[in-house]
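First the structure, in the form of C-alpha cells, and then the observations on it.
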Amino acid sequence: MTGSRGLQASGVTVRYGGVTAVDNVDLSVEPGQVVGLIGPNGAGKTSFVDALTGFAPAQGEITLDGVSLTRMRPHRRRQAGLSRTWQSGELFASLTVAENVLASARPPTWSTLARDLFAPRRSIDAGVEPLLHAVGIPGLASVSAGALSLGQQKLVGVARAMAGGCSILLLDEPAAGLDSTESLQFADRIRRIVSDGPGALLIDHDVDLMLRVCDVVYVLEFGRLIFRGTPTEVRSDPRVVAAYLGSPVEG
Ligand SMILES: Nc1ncnc2c1ncn2[C@@H]1O[C@H](COP(=O)(O)OP(=O)(O)OP(=O)(O)O)[C@@H](O)[C@H]1O
Ligand SMILES: [Mg+2]
C-alpha cells in the first residue's frame, strides 16, 4: 500500500487474440479531478475501462487510494471504490429508475431490509432522489426506465454508478444522446459532483464538452496514448489534430 489517493494505472495492456486494444497505458485520476479520455472509434477507450474494472483480462498495475486492485475480481474493485457506467446503458427497462439505481448499490442491512418491507416505494424513492438531482433528472424515481429518452437513461447509469459512494467514477460516454444544451448542463453537473470528492474519468466524443469540463485530457490512438495535457494544449497538438480533432476547435 502507498500513500497516494485516487487512481493510478500503469502499463495497462489488453489483448483480444491478435488485436492489442490497449497498449501499455499509464493514466491517473486524482480526487476532485475530471480526466478526459478521447480518441477515434476503436481506439481502446472502453477496453481500458474494462481493464480497470476487471471485466477484460489485462496486464499492468492498477491502484486505488494506495490499494492494489490488479488481482481483484470486478465486484471487489467496486467495493474498493471504483465505479463505472456502461457505454450501452444496460438498464432494466421494466424496472423503475429508483430500482435501477439501487440494483448495484451495496448489499442490504437489517435496517434497510426492515425499512423496505414496511415503507417500500416511498423510502426507496427518497433515497435515490439526491442522486437523481445530482445528475440532473430529479423527480423521475418512480418512472419506468424504458419510458426515458436515451440521454436520460445514460444519466440514470451515472446515478447508479454513484449509489453507495465511490472514490473514482469511470463514465463511458454518459452524455451520448444529450442535445448540446443538455450536454453543457451535464458538464456543470459533473464539475459539481467531483467538487464533492470523487474523481472522474470521462469518455465522450463531444469535444466541446470534453474541453469544457476536463482538467486533463488523454488521447488514445490504436490503443496507444499519443497525448496527455490540458484542454488548451490538446487543441493545438498536431498529432491530436491529425488523429482525432481533424481541424482546430473554435475556442
Ligand atoms: N470483446 C472483444 N473481443 C475482441 N475484440 C474486441 C473486444 N472489445 C473490443 N475489441 C476491439 O478492441 C479495439 C478497441 O475497442 P474499444 O471498444 O475499446 O474502442 P473504443 O475506443 O471504446 O471505441 P468507441 O469510441 O467506438 O466506443 C477495437 O479494435 C475492437 O474491435
Ligand atoms: Mg467505447
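The values are calculated or read from the model by the stated rules, or taken from the named source; none is laboratory data. It should be emphasised that the depicted structure is a prediction, and the values quoted were computed from it without experimental measurement. Here Cβ is always computed from backbone atoms with ideal geometry, including for glycine, and neighbour counts include all displayed protein chains.
You will find that of GLY151, GLY89, the residue that is modelled with pLDDT under 85 and within 22 Å of ILE193 (Cα to Cα) is GLY89 and no other. When you look at ALA98, is it assigned to a helix (DSSP H, G or I), aliphatic (A, V, I, L, M), surrounded by 15 or more Cβ atoms within 10 Å (Cβ to Cβ) and more than 13 Å from ligand 2 (Cβ to nearest atom), yes or no? Considered against the rule, which asks whether it is assigned to a helix (DSSP H, G or I), aliphatic (A, V, I, L, M), surrounded by 15 or more Cβ atoms within 10 Å (Cβ to Cβ) and more than 13 Å from ligand 2 (Cβ to nearest atom), ALA98 comes out as yes.
The one condition from (1) within 18 Å of the chain's Cα centre (by Cα); (2) touching a residue at least 60 places away in the same chain (Cβ under 8 Å) that ASP23 does not meet is (1). Inspection of region 185-198 identifies no residue that is closer than 22 Å to VAL22 by Cβ and either at pLDDT 90 or above or surrounded by fewer than 20 Cβ atoms within 10 Å (Cβ to Cβ) (or both). Looking only at region 6-29, filter to residues that are surrounded by fewer than 17 Cβ atoms within 10 Å (Cβ to Cβ) and in a loop (DSSP other than H, G, I, E, B); which one of those is nearest to ligand 1 (Cβ to nearest atom)? Only one residue tops the list, namely GLY17.
For every residue, the table says whether it meets (1) buried (at least 17 other Cβ atoms within 10 Å of the Cβ); (2) under 16 Å from the mean Cα position of the chain (by Cα).
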{"position": "GLY165", "(1), (2)": "no, yes"}
{"position": "LEU171", "(1), (2)": "yes, yes"}
{"position": "HIS205", "(1), (2)": "no, yes"}
{"position": "LEU209", "(1), (2)": "yes, yes"}
{"position": "LEU225", "(1), (2)": "yes, no"}
{"position": "THR232", "(1), (2)": "no, no"}
{"position": "ARG235", "(1), (2)": "yes, no"}
{"position": "ARG239", "(1), (2)": "no, no"}
{"position": "TYR244", "(1), (2)": "yes, no"}
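Out of region 59-93, which residues are more than 12 Å from ligand 1 (Cβ to nearest atom), on the phi < 0 side of the Ramachandran plot and among the small types (Gly, Ala, Ser)? Once the filter is applied, which keeps residues that are more than 12 Å from ligand 1 (Cβ to nearest atom), on the phi < 0 side of the Ramachandran plot and among the small types (Gly, Ala, Ser), region 59-93 yields SER68, ALA80, SER83, ALA93. Here's a check for you: in region 42-69, which residue that is surrounded by fewer than 18 Cβ atoms within 10 Å (Cβ to Cβ), more than 16 Å from ligand 2 (Cβ to nearest atom) and farther than 15 Å from SER28 by Cα is nearest to the chain's Cα centre (by Cα)? Checking each candidate, the answer is PRO57.
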